[in-house]
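**Student:** Let me begin by handing over the structure; questions about it come next.
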Amino acid sequence: MKPLVTMVTSKKKAVKKKAAKKVLKPSTKKVGLKKPPFKEAAPILETIDLLRRYYPDAHCALNFTNPYELLVATALSAQTTDERVNMVTPALFNQYGSPQRMAKAKVEDIESLIRSTNFYKNKAKNLKSAAIDLVEKHNSEVPQNIESLVELAGVGRKTANVVLGNAFGIPSGIVVDTHVARLSYRLGWVDTDKPVVIEEELCKEVPQEDWVILSHYLISHGRAICKARKPDCAHCFLEETCPKRGV
Ligand code: SF4
């Protein structure tokens, strides 16, 4: 007969082996991600009313005097701050402030005027190409519909929405930039960071008359308080109702 200690040890080893086998066996169950216990999002329209009260002067931060200038300024603002764009556009508009003049410009000359913006080489090429299209296909006018605008070089849905909303007063959609995307998530309005989906979701909830101004409210709040790295929740007027997702 084996001694008692040896029997217990071998039993323990057998249990351990069994447990190890169990752990290593691949699971066929689907494992869902646990959601953090966020607060419920406050009704979106109530939050918009608070933003409206707090930022009564919210507006497009790019300087422009006509639709073509806004189209150019918005195209330049990709990966570049509005302040930087406002620094380069006076000289640019002075020389090439119309599609006809931009279409005739040398790409290198455009480059030299916008060199301090990111991706200036691509932007210069696109500005010239878009200007040629405006002259040849649109009678040198900026089209007032999203389909024609997004066909221009360097013009995506965001730029088209900015131009239609701010130069023509046409609420064609909601501009979703980095601030709008970040705040929409933190405020619990959307569950995604994809701009196209965010725009779709917001358009379902927000009355069309607020589509244009909503972006300006969120951009103002994102710059002043709900900053990307350090949101100042302690001094935020939305603190009581904001679920602060991801913060
Ligand atoms: S600063 Fe904080 S409380 Fe205010 S909106 Fe951003 S995450 Fe919410």
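The values are calculated or read from the model by the stated rules, or taken from the named source; none is laboratory data. Note that the coordinates shown come from a computational prediction; the quantities given were computed from them, not determined experimentally. Methodologically, a virtual Cβ is constructed for each residue, glycine included, from the backbone with ideal geometry; neighbour enumeration extends over all protein chains shown.
**Student:** Does residue 214 meet the test of being part of a helix (DSSP H, G or I), away from the ligand (no atom under 16 Å from the Cβ) and under 15 Å from residue 59 (Cα atoms)? So that I can check it myself, show each step before the final result.
**Tutor:** Values: part of a helix (DSSP H, G or I): yes; away from the ligand (no atom under 16 Å from the Cβ): no; under 15 Å from residue 59 (Cα atoms): yes.
So residue 214 fails the test.
**Student:** Something else now. Select, from 204, 194, 230, the only residue that is over 26 Å from residue 164 (Cβ atoms) and of a type in the set (Lys, Arg).
**Tutor:** 230
**Student:** Another one. Only one residue in 162, 180 is outside any loop (DSSP other than H, G, I, E, B) and in contact with a Leu (Cβ under 6 Å, 6 or more places away or on another chain), so which one is that?
**Tutor:** 180
**Student:** Considering the range 177-220 alone, what residues qualify as being among the polar types (S, T, N, Q) and either surrounded by 15 or more Cβ atoms within 10 Å (Cβ to Cβ) or in the same structural domain as residue 75 (by TED's automatic domain parsing) (or both)? So that I can check it myself, show each step before the final result.
**Tutor:** Applying the first criterion (among the polar types (S, T, N, Q)) to the range 177-220 yields 178, 184, 192, 208, 215, 220.
Correct list: 184, 215, 220.
**Student:** Restricting attention to the range 222-247, report how many residues are more than 20 Å from residue 178 (Cβ to Cβ), without any contact (Cβ under 8 Å) to a residue 40 or more places away in the chain and either of a type in the set (Ser, Thr, Tyr) or within 6 Å of the ligand (Cβ to nearest atom) (or both).
**Tutor:** Number of matching residues: 1.
**Student:** Please enumerate the residues belonging to the range 145-174 that are over 21 Å from residue 84 (Cβ atoms) and surrounded by fewer than 16 Cβ atoms within 10 Å (Cβ to Cβ).
**Tutor:** 145, 147, 150, 151, 168, 169
**Student:** Also: Condition (residue is free of Cβ contacts under 8 Å to residues at least 12 places away in the same chain and either in contact with a strand residue (DSSP E or B) (Cβ under 6 Å, 6 or more places away or on another chain) or assigned by TED's automatic domain parsing to the domain that holds residue 131 (or both)) applied to the range 151-163: is it met by at least one residue?
**Tutor:** Checking the range 151-163: at least one residue is free of Cβ contacts under 8 Å to residues at least 12 places away in the same chain and either in contact with a strand residue (DSSP E or B) (Cβ under 6 Å, 6 or more places away or on another chain) or assigned by TED's automatic domain parsing to the domain that holds residue 131 (or both).
**Student:** Could you list, in sequence order, the residues of the range 130-159 that are part of a loop (DSSP other than H, G, I, E, B) and among the polar types (S, T, N, Q)?
**Tutor:** Across the range 130-159, the qualifying residues are 139, 140, 144, 145.
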